[in-house]
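The values are calculated or read from the model by the stated rules, or taken from the named source; none is laboratory data. These numbers were taken from a predicted model, which means no experiment stands behind them. Note that we place each Cβ from the backbone using ideal geometry, even for glycine, and neighbour counts take in every protein chain shown.
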Amino acid sequence: MQAPLTLLSLLLLGAQAGQHWTYSVQISLRPTMHMEAADGTKYVAEQMHFHWGGGASEISGSEHTIDGIRYVTEIHLVHYNSKYGSYDIAKDEPDGLAVLAVLVEVSDYAENTYYSKFLSHLSEVRYSGQSTVLSGLNIQDMLPKDLRYYYSYQGSLTTPPCTENVQWFLLADPVKLSKSQVLKLENSLLDSQNKTLNNGYRSTQHLNGRVVETNFIYHPNQQSVLGSELQFHLTRIDNNLEYFRRLLNR
Ligand SMILES: [Zn+2]
């Protein structure tokens, strides 16, 4: 079924983290988009935002690292538990939030045309607080092709208030963007001092005994299968796990 004309707002906003202000570009999502966890919990989409690096020395900006490798960019799709009815209520509840995290890989890839429209609108939100409207953006096309495999753990939001009430789902399959697309994301936005907005990620956190689960077999010595820096507590889930039901409906 064809979705009706979609209007999504794109917004550059700032959040105070300690003495530092961090900014991100955010796309508000429609509540018809949701995902369902393996235990049947339904999470409703609220917004998606981006973390990136750039700058002189540090070129990669993902918040998660996999086997110590930091990816160039990371996308967070923030959801709330549908039983709370709204993000504002859910955000203060112990089982209130879920984030679907997507890593971005850059190489000599061709332009990812699913990102062209989003990237072309960044010039309209160069300064904090600015917003614009995107029409006809297909969020599902902006996700990786393979949504079956992911890491999951209980954690916090990476921006204030960093409440420990987020179920994280980190997809194993990354999104691929061309170099010029990543450069555009890294260099389009300005901070409060009119400097290019770089390094919007939080440093990797200690596990603190958290259990990281995967729904696929983890082979630490096999380069082709993604592992995790969090591997010491990695729980290997059984081989015969059916693919978790992960439905992303628009
Ligand atoms: Zn985030």
Point to revise | Selected residue [over 30 Å from Glu93 (Cα atoms), within 16 Å of the ligand (Cβ to nearest atom), touching a residue at least 60 places away in the same chain (Cβ under 8 Å) and of a type in the set (A, V, I, L, M, F, W, C)] from Val125, Val175, Val166, Val133 | key: Val175
Review point. How many residues are in contact with a strand residue (DSSP E or B) (Cβ under 9 Å, 6 or more places away or on another chain) and surrounded by fewer than 16 Cβ atoms within 10 Å (Cβ to Cβ) when one looks only at the range 100-118?
Key: 6
Exercise for review: Name the single residue, out of those in the range 145-158 being part of a loop (DSSP other than H, G, I, E, B) and surrounded by 19 or more Cβ atoms within 10 Å (Cβ to Cβ), that is modelled with the lowest pLDDT.
Suggested key: Thr158
Point to revise | Among the residues listed as Val102, Val72, the single one being within 16 Å of the ligand (Cβ to nearest atom), within 17 Å of the chain's Cα centre (by Cα) and over 21 Å from Arg30 (Cα atoms) | key: Val72
Practice item. With respect to Leu77, determine if the residue is among the aliphatic types (A, V, I, L, M), modelled with pLDDT of 90 or more, within 24 Å of Lys176 (Cβ to Cβ) and away from the ligand (no atom under 16 Å from the Cβ). Key: no
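The rows are residues; the columns are (1) modelled with pLDDT under 80; (2) loosely packed, with under 13 Cβ neighbours inside 10 Å; (3) farther than 30 Å from Gln193 by Cβ.
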residue: Thr22; (1), (2), (3): yes, no, no
residue: Asp39; (1), (2), (3): no, yes, yes
residue: Gly55; (1), (2), (3): yes, no, no
residue: Ala98; (1), (2), (3): no, no, yes
Exercise for review: Being hydrophobic (A, V, I, L, M, F, W, C) and in contact with a Phe, Trp or Tyr (Cβ under 7 Å, 6 or more places away or on another chain) is the filter; apply it to the range 98-130 and report the residue that is nearest to Asn165 (Cα to Cα).
Suggested key: Ala98
